[in-house]
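Written out below as structure tokens is the structure these notes cover.
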Amino acid sequence: MRIASAGPVALLVLVTLMSCAPQPQALPPEMGEPLAGLTEAELARFEEGKALFTRVWQTEEGLGPLYNENSCNACHSDPVPGGGGEETDQKVTLYSPEEGCDLLLDLGGGNVRQQTTRLAAAHGMRREAGPDGTRGYFTPPLLFGRGLMEAIADETLLALEDPDDLDGDGISGRVGRDASGQIARFLRKASVATLRDAAAGSVIVELGLTTPSSTTDQAFVERGIPPEADPAAEPEVGEDVADAIADFMRFLAPPPSHSPVDPAEADQAHEGSRLFQEIGCASCHIPVLVTGEHEVEALNRKPVALYSDLLLHDMGPELADICAPGATPSELRTEVLMGLAVRVLYMHDGDSSTLWDAIARHGGESAASREAFDGLTELQQHALIRFLNTL
């Protein structure tokens, strides 16, 4: 009322002052929320994908007959949908320098299913033990920010390669490849090229749901699958299921940082960041990469704090297990440290319950950095760990 009685000049002055006043900054998305800047249509795709990601599938819908979990969210729920988990995937392969990598897919080696539906069990089916070969164990990774990770251009990764260590720094990373030869960056062996491929693989392998492009259940059963054990008509779901799940993963925001509030702890974390660079950790765990040109504006030319070069590195014989289309047994893709603060298990196999142990297990190309860490004072080591816990 007072504004209206003040006249148009006073009102103009007030509006001008308000427009010059500092405007509140939009808070970054919380963990599990979509990327900022998505269109309404993209947000709708995110929500549709989240509904399928968290859906619990039933036997009559096609679950199984052999499977790992009845929902994507069963493995990726900590601390929210799209997070990680403590479950363990098992894979079996055979490798020889002459023949390369045999994924043993026809024998179920690509992913050893560990559960059987009640209906299938009633018809004599049991969970598979998997073929003979080298066995590897992998915990579910965090999915936050994976759309940004996908949007990093292949050319960026190729520019980071140094397979022959021409610069002499002891680091010889190279890009991973999937079975078709595409540059890959997903999974711990850099064996999957796109989020769509990752989603499609999970639908058929983890859930046991067939699709128009994967009409045969890949579960290995010596005596075959009795028709009564898997009554759902083929294909059990459409391609849109994998499409939507991929969109959910693609549009998940990266996790927020966990910067200390206490000034002394913040100073310690800052010193830890400096030491992280100094002892060579950042040679592979590159702090920031930038996405390429993308049709989704929220993914277009954005910096992303991955703390990874997404390349394969030889981590030494102690971490060697399975192979992949583009990776030898001792090669692993540089772990993405983004979101490290909310993880409770570390390393690809989840066998490290502390960051101290995870660092101690670094070998091969990372041995020099591990030794440099061992050479730090106790206070310096604590500072570096404090920094890692902010990621």
Checklist entry - Rounded, prolate or oblate: which fits region 237-344, taking a ≥ b ≥ c as square roots of the Cα gyration tensor eigenvalues, rounded meaning a/c under 1.5, else prolate when a/b beats b/c? => result oblate
Item to check | Using a Förster distance of 51 Å, the FRET efficiency for A122-R301 (Cβ separation, nearest 0.05) | outcome: 0.40
Checklist entry - Taking a 1.4 Å probe, which of H76, H294, H382 shows the most accessible area, and what order do the others take after it? => result H382, H294, H76
Checklist entry - Given the C-alpha centroids of region 172-216 and region 102-129, what is the distance between them in whole angstrom? => result 19 Å
Checklist entry - What's the carbon and sulfur percent of region 292-348's accessible surface, probe 1.4 angstrom, rounded to a whole number? => result 49 percent
Item to check | At R0 = 35 Å, FRET efficiency that the Cβ-Cβ distance of A341 and S213 yields, to 0.05 | outcome: 0.40
Checklist entry - Full extension from V261 to A360: what is 0.36 nm times the residue separation minus their Cα-Cα distance, to one decimal in nm? => result 32.8 nm
Item to check | At R0 = 56 Å, FRET efficiency that the Cβ-Cβ distance of D165 and E234 yields, to 0.05 | outcome: 0.65
Next on the checklist: So, for region 39-131, what is the accessible surface per residue at a probe of 1.4 Å, expressed in square angstrom?
Outcome noted: 50 Å²
Item to check | Pairwise label distance in nanometres, E40 with E278, each label 7 Å out on the Cα-Cβ vector | outcome: 5.4 nm
Checklist entry - Rounded to the nearest 500, what is the chain's calculated 222 nm mean residue ellipticity when only DSSP H runs of at least 4 contribute -39500 (n - 2.57) each, over all residues? => result -8500 deg cm²/dmol
Checklist entry - What is the Cα centroid distance between region 247-301 and region 311-365, reported in whole angstrom? => result 19 Å
Next on the checklist: Sort 89-98, 275-284 by the packing proxy (mean of other Cβ within 10 Å over each peptide's residues), most packed first.
Outcome noted: 275-284, 89-98
Checklist outcome for this item: Where a ≥ b ≥ c are root eigenvalues of the Cα gyration tensor, a/c under 1.5 meaning rounded, otherwise prolate if a/b exceeds b/c and oblate otherwise, the chain counts as oblate
Checklist outcome for this item: For region 160-247, the accessible surface attributable to carbon and sulfur atoms (probe 1.4 angstrom, ligands and nucleic acids excluded) amounts in percent to 51 percent
Checklist outcome for this item: Measuring from its Cα centre, region 116-230 shows a charge dipole (+1 at each Lys and Arg Cβ, -1 at each Asp and Glu Cβ) which, in debye to the nearest 20, is 680 debye
Next on the checklist: Using the crude model of +1 on Lys and Arg Cβ and -1 on Asp and Glu Cβ, and no other charge, please compute the dipole size for the chain relative to its Cα centre, in debye to 20.
Outcome noted: 1080 debye
Checklist outcome for this item: Everything considered on the Cα gyration tensor (a ≥ b ≥ c; rounded for a/c under 1.5, else prolate if a/b is larger than b/c, else oblate), region 161-212 must be described as prolate
Checklist outcome for this item: With the 1.4 Å probe rolled over protein heavy atoms, region 248-391 has an accessible area per residue in Å² of 42 Å²
Checklist entry - Which lysines have a Cα lying under 20 Å from the Cα of K189, excluding residues fewer than 8 positions away in the same chain? => result K91
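The values are calculated or read from the model by the stated rules, or taken from the named source; none is laboratory data. On a predicted model such as this, the values are computed, not experimentally measured, just so you know. Note that each Cβ is placed from the backbone with ideal geometry, even for glycine, and that neighbours are counted across all protein chains shown. Surface accessibility is based on the protein's heavy atoms, side chains included, excluding ligands, DNA and RNA. Shrake-Rupley method; radii C 1.70, N 1.55, O 1.52, S 1.80 Å.
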